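Rule-based calculations on the coordinates, nothing more; no lab input. All of these numbers come straight from a predicted model, not from anything done at the bench. We place every Cβ from the backbone using ideal geometry, glycine too, and count neighbours over all the protein chains shown.
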Amino acid sequence: MDKQARIFVAGHRGLAGSAILRHLQAVGYGNLITRSRQELDLRDQAAVERFFREERPDYVFLAAAKVGGIVANDTFRAEFVYDNLMIQANIIHHAYLNGVRRLLFLGSTCIYPKLAPQPLREEYLLTGPLEPTNDAYAVAKIAGITQCRSYNRQYGTRFLAAMPTNLYGPGDNFDLQTSHVLPALIRKFHEAKVGGSPTVTLWGSGSPLREFLHVDDLADACHFLMTLPDERYQQLIDDQLVPALINIGTGEEVSIRELALQIRDVVKFDGELVFDTTKPDGTPRKLSDVSRLHGLGWRHRTGLAEGLKETYRWYLDNET
Ligand SMILES: NC(=O)c1ccc[n+]([C@@H]2O[C@H](COP(=O)([O-])OP(=O)(O)OC[C@H]3O[C@@H](n4cnc5c(N)ncnc54)[C@H](OP(=O)(O)O)[C@@H]3O)[C@@H](O)[C@H]2O)c1
């Protein structure tokens, strides 16, 4: 990817997309193409067709999607399946028609079966039932992986699907109705501290194990994959066992209780944690196997403790 290549970052205002844009700007790419949702609704096939014909990007980072936590996924499941299917179908198809050299499609580790062995290896895809609370979203993402693979096989495109684990960091969504667990906890502890509340109530038992990747590490991994030498990249695309699919994560996990305790310390809240076990825990454990990414030579750099401190600082500067 030469520094003057035309690079489209779809979803550049989102958590992942904004980090990817920041990273590409920081490493000196001069031809970055972005469109806000108001400028280009990616569900609109004709508009996407026109955009690709006019802009003709060389590379595409597909970080646009309808994303949300357990509540949002379960409540707005029709929108989650429709929006994601339309966005990815339009972009992947028109990337092919306009000769895009490499495309990176971002999915999520929720594509793997609910009770798959841990850590989650790429070959566990479609080997068992999905977590019901977000299966609409997961099926849409699996369709995106299948579209990348099918276009690679039929048209010789070089489209890669990357499955990041839970992301966090600057630009995250702190809305308690639609956010993921980590930003929700930062907000809850902060508001409890400011409001002088003696306790913070958490959903579930606190025992589920989760993996969290700082979004700047995600951006670094995406750039790393999209700049792999041709031979290494093609090996990923043509892999016999898991073609065009790779996990992105830290390979490290923490319980929700441990995460909450770390955030309590970062926020300096000195009250008590209360676990509301009437609320769902979600899947018991979700750790991605990142041995293939490590095998290519990439590892995350931001530890959870450091990442939480930086994210809380961003929250204070931007959300309060
Ligand atoms: N967040 C995570 O923990 C996580 C974990 C694993 C994988 N991922 C993957 O990473 C990708 C990005 O997720 P994220 O967390 O960055 O989500 P996000 O913060 O919600 O960003 C999504 C972006 O997509 C844009 N978008 C949505 N619908 C659109 C449409 N119809 N037309 C144009 N733009 C549209 C949004 O625009 P607006 O700014 O206008 O809303 C937003 O900028 C997704 O594919 C997701 O599966 C995320």
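Candidates 194, 213, 179 compared by Cα position along the dipole of region 166-261: farthest toward the positive end lies 194, with charges placed on Cβ. Averaging the sequence gap over all C-alpha pairs within less than 8 Å and six or more residues apart, then dividing by the number of residues, gives region 96-169 a relative contact order of 46 percent.
Which order do the peptides 263-274, 157-168 come out in when sorted by mean C-beta neighbours inside 10 angstrom, highest first? Present the calculation step by step, with values, prior to reporting the outcome.
On the way: 263-274: 16.2, 157-168: 23.4.
Per-residue mean Cβ counts within 10 Å order the peptides as 157-168, 263-274.
Rounded to the nearest 20 debye, the dipole magnitude of region 55-212 is 340 debye, with +1 charges on Lys and Arg beta carbons, -1 on Asp and Glu beta carbons, and the Cα centre as origin.
Any idea what the dipole of region 145-264 comes to, in debye rounded to 20, about its Cα centre with Lys/Arg Cβ at +1 and Asp/Glu Cβ at -1? Please report the intermediate quantities before stating the final value.
On the way: 10 positive and 14 negative charges, 83 e Å.
So the dipole magnitude of region 145-264 works out to roughly 400 debye.
Taking every alpha-carbon pair under 8 Å whose residues sit at least 6 apart, the chain reaches a relative contact order of 20 percent. How would you classify region 271-320 from its alpha-carbon gyration tensor, with a ≥ b ≥ c the square roots of the eigenvalues: rounded for a/c under 1.5, else prolate if a/b is greater than b/c, otherwise oblate? Here region 271-320 falls in the oblate category.
Here's how it looks for residue 206: its modeled amide H is under 5 Å from none belonging to a residue 5 or more places away or on a different chain. The antiparallel fraction among DSSP beta bridges confined to the chain stands at about 5%.
Taking a ≥ b ≥ c as the square roots of the eigenvalues of the Cα gyration tensor, an a/c ratio of 1.5 or more together with a/b no larger than b/c marks region 46-130 as oblate.
Need one word for region 3-68: rounded, prolate or oblate. Basis is the Cα gyration tensor (sqrt eigenvalues a ≥ b ≥ c); a/c below 1.5 gives rounded, then a/b vs b/c decides.
oblate
Basic side chains Lys and Arg get +1 at the Cβ, acidic Asp and Glu get -1 at the Cβ, and with that the dipole of region 199-320 about its Cα centre reaches some 240 debye. Rg then Dmax, both in Å and based on the Cα atoms of the chain: 19.4, 61. Over the C-alpha atoms of region 205-308, the Rg to Rh ratio, Rh being the Kirkwood estimate, stands at 1.09.
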